[in-house]
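One structure is given here, and the rest of the page talks about it.
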Amino acid sequence: MKLDIFSEIQNPRPWPAGDHQHRRIQQAIEQAVLADELGYGCWWQVEHHGAEEFSLSSAPELLLAALSQRTSRIRLGHAAVLAPREINHPVRIAERAAMLDQLSGGRAEIGLTRSTPPEWRLFGADPATVRERTRDAFEAVPKMWTGDTSVSGGVPVVPAPYQNPHPPLWQAASSPASFEEAGRRGVGVLGTTLWEPLDRVARLVELYRAAAAQCREPVGATVNDQVAFFTFVHCAETDEEAMRGGAAAAAAWYTATALTFFEAAGAFMETMERERALAADPNGGGLAGEFLRREAAAAGGPSPAQLVIGRILQGETVPDDEVYNALAAQDSLIVGSPETVRKKLRGYADLGIDRLMCFQQVGALAHESVMRSMRLVGELIPEFDQG
């Protein structure tokens, strides 16, 4: 299992005097340079618009281009391009990704995603068409990379990527249906659900692998059969120092802020209704439907993390210690001493995950604390990356 870095460039209030945005962006560059030196596998940069304190990463292609000139080994991932064409036209996706691949000497990794309601509204994307538009992008972009002009009005898209035949393709996924969809497309899956207990992660991995095994016509030149998951990682000298040093507060802040930005209460309910319908259909639903039927059979009631998230959704201020304890209990929060972090990383590696996207710059964690955590986790890289 490779250890990667996942970056949002978060900038929580209260904002200090001076150009705090510039400072955060410069800190992200420092963290990426350090990640390159320490041997992390890939730097994954998100794309969000209008996110204020939740994310300054509105132009990840520019930051990744800058990083291509400041690093030499680490791969550079856009996780993920917002694929509805009102936000990013497929031609521009193909062009920018290919240029990043050229600038980095073949280190680009490209994910695509449907995005979320606030960003659809910002760019005027019709929610009824975003799934179709995302499918179109998955089908068109790799064709343009390999010189097929039938999807670009007869106009060649240049430059071509540096990698032959093209950069690895990924899909961001947060539901069983989207894990299955990624596998059927033959693209890698970027698991974006932070609070999943490991037993459910295992079932999602199994669902994806089964779908990928059935893929006979991948959207790209080959099947990228890889699973990546991102989760909060923070390492300090002791468990107590890690938790009391701001990790619990950062986890609570992230949860509340993410739910607000993504309008997650409504989306959560819509997802639950859709998945209930799938699970109730004994004649359909594909692999995702079977997954949900098994989930229902295996569930023993809400997990501690689900209960905490539900309280936050209802507007309750949940104490930091409760958030930490609920998440730590299911091993989805990798916080602690090097030995604790090693044990929790091993839990993910044992599930057959290819890439763990370590989300380290979270909330108000100090830059120096993030850099120290990156160094401590970096010492564990040789134990997990044997390839």
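The values are calculated or read from the model by the stated rules, or taken from the named source; none is laboratory data. All of these numbers come straight from a predicted model, not from anything done at the bench. Positions of Cβ are backbone-derived with ideal geometry, glycine not excepted, and every protein chain shown enters the neighbour counts. Heads up: the accessible areas ignore ligands, DNA and RNA and are worked out on the full protein's heavy atoms, side chains in. Shrake-Rupley method; radii C 1.70, N 1.55, O 1.52, S 1.80 Å.
Couple of notes before you dig in:
- Helices (runs of 4 or more DSSP H) wholly inside the stretch 60-165 containing at least 3 residues that are closer than 30 Å to residue 24 by Cα and open to solvent by 60 Å² or more (accessible area, probe 1.4 Å): 60-70, 90-103, 117-123
- Residues in the stretch 143-177 that are of a type in the set (S, T, N, Q), modelled with pLDDT of 95 or more and closer than 27 Å to residue 206 by Cα: 171 only.
- Qualifying residue in the stretch 353-364 (condition: among the charged types (D, E, K, R), within 17 Å of residue 4 (Cα to Cα) and in a loop (DSSP other than H, G, I, E, B)): yes
- Filter pass, residue 30 being open to solvent by 10 Å² or more (accessible area, probe 1.4 Å), acidic (Asp, Glu) and either part of a strand (DSSP E or B) or in contact with a His (Cβ under 8 Å, 6 or more places away or on another chain) (or both): yes
- Only residues that are in a helix (DSSP H, G or I) and modelled with pLDDT of 95 or more were counted across the stretch 179-201, and they come to 7.
- Residue 252 touching a Leu at 6+ places or on another chain (Cβ under 7 Å), among the small types (Gly, Ala, Ser) and open to solvent by less than 50 Å² (accessible area, probe 1.4 Å): no
- Index of the failed condition, residue 222 passing every other in (1) in a helix (DSSP H, G or I); (2) polar (S, T, N, Q); (3) open to solvent by 50 Å² or more (accessible area, probe 1.4 Å): (1)
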